[in-house]
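Everything below concerns the one structure shown next.
Derivation of every value follows stated rules applied to the coordinates shown; laboratory data play no part. Just so it is clear, the model here is predicted, and its values are computed rather than measured. Cβ atoms come from the backbone with ideal geometry, glycine included; neighbour counts cover every protein chain shown.
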Amino acid sequence: MSLVHNSYQSPLASRYASSEMLFLFSDQKKFSTWRRLWLILAESERELGYPITDAQLDAMRAHLDDIDFDSAGEWERKLRHDVMAHIHTFGEAAPGAEAIIHLGATSCYVGDNTDILIMREGLEYLARKLAGVIEKLAGFALEYKALPTLGFTHFQPAQLTTVGKRATLWLYDFLTDLKELEYRRATLLPRGAKGTTGTQASFLELFDGDYEKVERLDTLVAQKLGFEKSVPVTGQTYSRKADYYVISALSGLAQSAGKFATDLRLLSHLKELEEPFESKQVGSSAMPYKRNPMRCERICSLARYIITDTLNPALTSYNQWLERTLDDSANRRIAIPEAFLAADSILNILSSVVSGIKVYPKVIEKHIMDELPFMATENIMMDAVSKGGNRQELHERIRVHSVAAGARVKEEGLPNDLIERIASDPGFGLNEDEIRSKLNPESYIGAAPRQVERFIKNDVRPALAAYRDKAVEGTELVV
């Protein structure tokens, strides 16, 4: 039996997340980034006058990606320290450079700066994938901008809306998530080169007390990593609140996705809307007729995971003693990658769902017509008043008829006969045709179609402009 089937594998890796996100949190990505950080540090130290040779830098440049993981594993078993293990492994690959690798740095120089770089790249990837989801959902909203449907408050029938207008509620949430992902990416800062406890003492020693060179080193490192500057002050680590803010942005996305998926599950029960269902797909092992909304259920399941995962960086942040304690490490190795993988997984499923939402207009119309007589009563009453009726008396008559019609529907399972009851009541002075003329659903959707158009034009399109030709499609679902 293959080892992969003999040991635990994270479902996020084996079933849900994309290969791009899996690579982002891979050992190869992590440790090759460490090597690039060591190279950047050495290059910057040399630029500021420290004696590092071309040969040493060339040796490092030649071995940024060819990592001997077996050797690194052996070193870590001996040293019980992952950074030192990879310093030795890099030194073996780049002989002559081992003397200046990691010069003046602490473990968090590579660890923290790498985490920031990976989170920044992950946020960008998620934003591009979310933009693709928003684009598809915007198309759906425009397509159904004028299709009347029952609105619900408390999951009880309320005034009409449209299928497209309801979709804009989902869109608005996703749009705020896109802006939050962008903001968090834009405001992330690296740790830079701060030394063991953030005082830069080791670098001050390296440059014989020249603090201007020490400051310049910190700036050079940040700029070579693609930032204008680093965080202004640190202990041994950057403030773990940064992790909290990033994972909270992913939690916001999870909340929006869970709301969307829950709504679709409710509408699936009503048989008004449905997620894609493949021709050979099985809904239930026991009930062949079932068409369970399994994709939306999976979104809700993963959303719950991310939302609860937000507690991890919050608890880590508050529990960092003084300049640093190491009880953050094992937690962060799990909590941060898993949050990104879960968010990526949700977007993969979301993309699949919004690409093929099935709408059933005839069912929607039937549900509207079951409830519209109640909603039309105010207009009916106004017409009756214009023919000489007394508004207060008519109000009471409608109340009595509505209660009776409601009882007939709920207690006897019979059709709603409110219109027939009002037509046969001489107090209204209206015939059935006159009353039924008030039952045009399009007359009860207000400005919904125009709201959809305006929202897409004024809010959605400008937000997506930056992703033109950059949006990412969700990957094919494994199951």
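Taking packing as the residue-averaged number of other Cβ atoms within 10 angstrom, the listed peptides 190-196, 152-158, 125-131 run from highest to lowest as 190-196, 125-131, 152-158. As a calculated quantity, the FRET efficiency between THR199 and LEU266 at R0 = 51 Å, using C-beta atoms, amounts to about 0.35.
With 0.36 nm allotted per residue and the present C-alpha distance subtracted, the GLU215-SER424 stretch has 66.3 nm of extension available.
Short to long, the 10 Å bins of the Cα pair-distance histogram for the chain hold 4, 16, 21, 18, 14, 11, 7, 5, 3, 1, 0 percent of all pairs.
Select from the stretch 185-278 those GluC sites (Glu not before Pro) which occupy a DSSP coil region and have at most 10 other Cβ atoms within 10 Å, ordered by residue number. Sparse-neighbourhood loop GluC sites (Glu not before Pro): GLU228, GLU278. Calculation over all alpha carbon pairs of the stretch 3-93 in 5 angstrom steps from 0 returns a P(r) of 3, 12, 18, 17, 17, 15, 9, 4, 3, 2, 0 percent. The charge dipole of the stretch 20-176, taken about the Cα centre with unit charges on the Cβ atoms of Lys, Arg (+1) and Asp, Glu (-1), comes to about 1080 debye, rounded to the nearest 20. Counting every other Cβ atom within 10 Å of each residue's Cβ, MET84, MET381 order from fewest to most as MET84, MET381.
Once the Cβ-Cβ distance of VAL233 and PHE277 is raised to the sixth power relative to R0 = 56 Å, the FRET efficiency obtained is 0.55. Which FRET efficiency value, to the nearest 0.05, is calculated for ALA330 and LYS224 with the Förster distance at 25 angstrom and r the Cβ-Cβ distance? Once the sixth-power term is evaluated, E becomes 0.25.
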